[in-house]
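Reviewing the structure listed below.
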Amino acid sequence: MKNKEISEMFAEIGEMIGLEETPTSRFEARAFQNASLMLDTMQEDIEEIYRKGGRKALMELPSIGKGLADEIIEFIETGRIGKYEKLKGKYPIDFKELSKVEGLGAKKIVVLYRNLGIKDVDGLKRAVSEQKIRGVPGFGERSEAMIGRGIELLESGRGRILLGEALPVAESIVAKLLESGLVERAMIAGSARRMRETVGDIDILAISGKGRAVMDLFAGMEGVKSVISKGEARTTVWLEIGTSCDLRVIDADSRNFGAALQYFTGSKEHSVSLRKIAIGKGYKLNEYGLFDRKDKLIRCGDEEELYGKMGMQYIPPEMREDRGEIKLAQQHRIPKLVEMKEIRGDLHSHTKETDGSNTAGEMAYAAYAEGLEYIAATNHTKSLRIARGMDERGFGKFFREIDRLNEMEGKKAIVLKGAEVDILKDGRLDLPTKLLGSMDCVVAAVHSSFNMDGKSMTERVVKALDSGVVDILAHPTGRLINGRGAYEIDLDRVAEAAERNHVALEVNSYPNRLDLNDSAIMRLSSYKILFSIDSDSHSTQHFKFLRYGVGTARRGWLTKRQVLNTLPIEKLLKRLRG
Ligand code: DGT
Ligand code: CA
Ligand code: CA
């Protein structure tokens, strides 16, 4: 698939055109950026669409006009885009890497390039250590220090990819193994099974008597870039998505699959604690199985049996981090964690009217297809210009359309009227209270001035919640995984304000957000508040992200009754109005 490559080039072209000061450059830059987003989220192969239907078929795609169709064709036919190369000649800068450094947008990157010749992260790092950034107009000591921190953050995340990128690939590998008929069982293990927000590598465990054939199949799968090591019991490959994948095959003897799966699921810390308990009971536990005093294998066909033999309740993989779950399991007090099938709706999504790709109707259908009963259409508000935020009139018009849509659809997939209202720098909200008060679901969020000190940021958010019209605080820390750190904020004070104003805190499911994260959820769940697991969908494809939010919520030990959107629509509306 060339989708990703073209999407990335378009994004970069957009950045570079945006720097040109021609009358149409902003418009053109936006066109490339929209097309980039569309390509990034579409499922069909763009090359196939072109091969089958030519230029005409490309132009039928959303966000693609004639000019963009030609650029796509040029890439498919020649592997190059002339416009990209021309711009690259003018700005020989690694935008992609540099813009991953927190606080560096395209404009700042170009200023640094013009003043200091910085082209990549290494150059930036050098400039920071030589204290050269602070001398550049528009920068200072504070921004230099911030860039330094941004680089550290980037480097600490390097090598780990998002769960949202890893899990679909891991699942397709498992599916191919199972389809082949060569394996008896195959399961995802490691951090991906524990639903960690990022994974260092993918681990897969299979049972088969035909190790060699399984490994041949695995090494030759689509998406495998190179083979790092290959043996009959263990093979490691490098994947195109930028991470490696370990496949371990154990013998066609399912007596100890439970012990093996437990071992390879980890976490290491959890397993170490478990092993101590095994020893206390006179057992020995390792990747080969559970053994008694006489070294005789104790049958553990699945993990339930293994935990049972240890006198414990089964522990869901998401909890296996040695954060107190072992003790709970010994006391048979493991909570019944919230499940994907209990999620009834999604309270944070965007449509075409602002920065989404689809209409409210298309979104509602997609949500319905994913098993949801309702969604809230929560478009951005006017201060957020880059997302084409709407004003009072825009919302009025949009809500009339939603009324029509709901009438048409009956009770099939209900669309709630809402907004993702900007929390302005001083804590005021970006729409009149009266209008917000009349909406079904008000999501509030910080989208600007991320660099405030902790005290001011906390006051800003608390003031917004104290307005009394907010239902959900979206992505409460603002962090972007492998991108931007959390802004400084005292989450305990925010939770107190949420408690007194009946505001739910969001578990944003977007793969690079997962905000709140697992540890924040765990800590804040002692407050009398609810959490809302939302997709923040910007297209019909994004409702699928909900499972990452559910995974994160499970890692934070949440149960169904702690999650706002497990409520059926009538109860939900009652609670939102109450
Ligand atoms: P990752 O890949 O960094 O996201 O994290 P994991 O948990 O997937 O770690 P990985 O891939 O190194 O190993 C997969 C599992 O294998 C891990 O969760 C537990 C098990 N494992 C690996 N090394 C050790 C070890 O030294 N001791 C024990 N007890 N288990 C280990
Ligand atoms: Ca792993
Ligand atoms: Ca591994």
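Any read-out appearing in this document is the output of simple, stated calculations on the displayed coordinates, not a laboratory observation. Worth saying up front: this structure is predicted, and the values here are computed from it rather than measured. Glycine gets a Cβ as well: all are built from the backbone with ideal geometry, and neighbour counts include every protein chain shown.
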For this session: Taking the Cα centre of region 340-577 as origin, work out the dipole magnitude from +1 charges on Lys and Arg Cβ and -1 charges on Asp and Glu Cβ, in debye rounded to 20.
Result: 320 debye
Seminar exercise, completed: Over the Cα atoms of region 336-475 the radius of gyration and the largest Cα-Cα distance (Dmax), both in Å, equal 15.6, 48
Problem set entry | Ascending count of other beta-carbon atoms within 10 Å, so fewest first, for Phe257, Phe27, Phe450, Phe264 | Phe27, Phe450, Phe264, Phe257
Exercise. Relative contact order of region 533-578: what whole-number percent is it, with Cα pairs under 8 angstrom and at least 6 residues apart?
Worked result: 30 percent
For this session: Report the net charge of residues surrounding Arg196, where surrounding means a beta-carbon distance below 12 angstrom and charges are Lys +1, Arg +1, Asp -1, Glu -1.
Result: 0
Problem set entry | Proximal charge balance of Ser509 [Cβ under 10 Å; K/R count +1, D/E count -1] | -2
Problem set entry | Where Cα atoms sit under 23 Å apart: lysine pairs in region 377-427 separated by 8 or more or lying on different chains | 6
For this session: Enter the angle in degrees (range 0 to 90, nearest 10) between the Cα long axis of helix 392-409 and the first principal axis of the Cα atoms of the chain, meaning the one along which they spread out most.
Result: 50 degrees
Problem set entry | Relative exposure of Ile489, Ile386, judged by other C-beta atoms within 10 Å (fewest first) | Ile386, Ile489
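Could you work out the helix-only [θ] at 222 nm for the chain, with each DSSP H run of four or more residues adding -39,500 (n - 2.57) and the total divided by the number of residues, to the nearest 500 deg cm²/dmol?
It comes out at -13500 deg cm²/dmol, rounded to the nearest 500.
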Exercise. Any idea what % of Cα-Cα pairs in region 239-297 are farther than 15 Å?
Worked result: 56 percent
Problem set entry | Long-range lysine pairs (8 or more apart or interchain), region 269-369, Cα under 16 Å | 13
Exercise. Local charge sum around Asp45 (other residues, Cβ-Cβ under 13 Å, Lys/Arg +1, Asp/Glu -1)?
Worked result: -1
For this session: Could you give log10 I(q)/I(0) at q = 0.12 Å⁻¹ for region 119-239, computed by the Debye formula over C-alpha point scatterers of equal weight, without solvent?
Result: -0.59
Exercise. Amide H neighbours of Asp346 under 5 Å, counting only residues 5+ apart in sequence or on other chains, H built in-plane at 1.01 Å?
Worked result: Tyr374, Ile375, Ala376
For this session: With viscosity set to 1.306 mPa s and temperature to 10 °C, compute the Stokes-Einstein D of region 169-330, Rh being the Kirkwood radius across alpha carbon pairs; µm²/s, no decimals.
Result: 98 µm²/s
Exercise. Region 433-495 to region 9-52: how many Å between their Cα centroids?
Worked result: 31 Å
Problem set entry | Furthest towards positive pole of dipole, Val470, Gly242, Ile161, structure part the chain, Cβ charges | Val470
Exercise. About its Cα centre, how strong a charge dipole does region 364-426 have in debye, to the nearest 20, once Lys and Arg get +1 and Asp and Glu get -1 at the Cβ?
Worked result: 220 debye
Seminar exercise, completed: For the chain, the dipole about the Cα centre with charges only on Cβ (Lys and Arg +1, Asp and Glu -1), to the nearest 20 debye, works out at 1100 debye
Exercise. In 10 Å bins starting at 0, how do the alpha-carbon pair distances of the chain split up by percent?
Worked result: 3, 15, 23, 26, 20, 10, 2, 0, 0
Exercise. Along the charge dipole of the chain, Cβ charges K/R +1 and D/E -1, which of Gly394, Ile118, Phe450 sits furthest on the positive end?
Worked result: Phe450
Exercise. So what's region 340-577 giving for Cα Rg divided by 2.2 N^0.38 Å, two decimals?
Worked result: 0.92
For this session: Return Met363, Met319, Met1 ranked ascending by Cβ neighbour count within 10 Å, so the fewest neighbours appear first.
Result: Met1, Met319, Met363
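Students often get this wrong, so check it: of Lys52/Lys225; Lys4/Lys100; Lys56/Lys83, which have C-alpha atoms separated by over 23 Å?
Those over the limit are Lys52/Lys225.
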Problem set entry | Reference-scaled alpha-carbon Rg (2.2 N^0.38 Å with N residues) for region 3-156 | 1.19
